[in-house]
Amino acid sequence: MSIATAESATTTPVTPVRGVVRVHERAIEKVVREASAAVVGVQRTQVQVEFSDAADGITVRLATKLPVADPLDEEALRSLVPVGERVRSIQRELAERLGVLTGRDIRRITVVITGARVQQRRRVR
């Protein structure tokens, strides 16, 4: 049994494909909206996004309500992460996801929290 190494493997050179790839702004906006909603934890209709696509990368601004725990739920309040930390985490995760999804540098992500959406605990019957 032999194991092939990278040196012994023969590879054929890849020739570049001619043509132009164009991604419309509407497509990028949908990607930004979907990814933002997923990272924040809300529905896509609850996120407002604006972006600018320049040669050096993408700048994103999103506005949404932040899901928060029910203030009457003692257990949830003990494990609560402060809003500032949550927003920084959202920025980091969103920059990473958008970079992978768009293949572009993400220059800035501005997150505007417009309010809070309390997650009600459901009763089990």
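The values are calculated or read from the model by the stated rules, or taken from the named source; none is laboratory data. Predicted, not measured: the structure shown is a model, and the values here were computed from it. Quick reminder, even Gly has a Cβ in these numbers, built from the backbone with ideal geometry, and neighbours come from all protein chains shown. Just so you know, the surface numbers come from the protein's heavy atoms only, side chains and all, with ligands and any DNA or RNA stripped out. Shrake-Rupley method; radii C 1.70, N 1.55, O 1.52, S 1.80 Å.
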Scanning the range 17-52 residue by residue, those open to solvent by less than 60 Å² (accessible area, probe 1.4 Å) and in a loop (DSSP other than H, G, I, E, B) turn out to be 41, 42
Determine if the range 80-92 includes at least one residue that is touching a strand residue (DSSP E or B) at 6+ places or on another chain (Cβ under 7 Å), closer than 17 Å to residue 29 by Cα and among the hydrophobic types (A, V, I, L, M, F, W, C). no
Is it the case that the range 98-105 has a residue that's part of a helix (DSSP H, G or I) and surrounded by 15 or more Cβ atoms within 10 Å (Cβ to Cβ)? yes
State which residue is farthest from residue 103 (Cα to Cα) when the search covers only the range 68-82 and only residues that are part of a loop (DSSP other than H, G, I, E, B) and hydrophobic (A, V, I, L, M, F, W, C). 72
Within the range 53-67, can one find any residue that is of a type in the set (Val, Ile, Thr), surrounded by 15 or more Cβ atoms within 10 Å (Cβ to Cβ) and assigned to a loop (DSSP other than H, G, I, E, B)? no
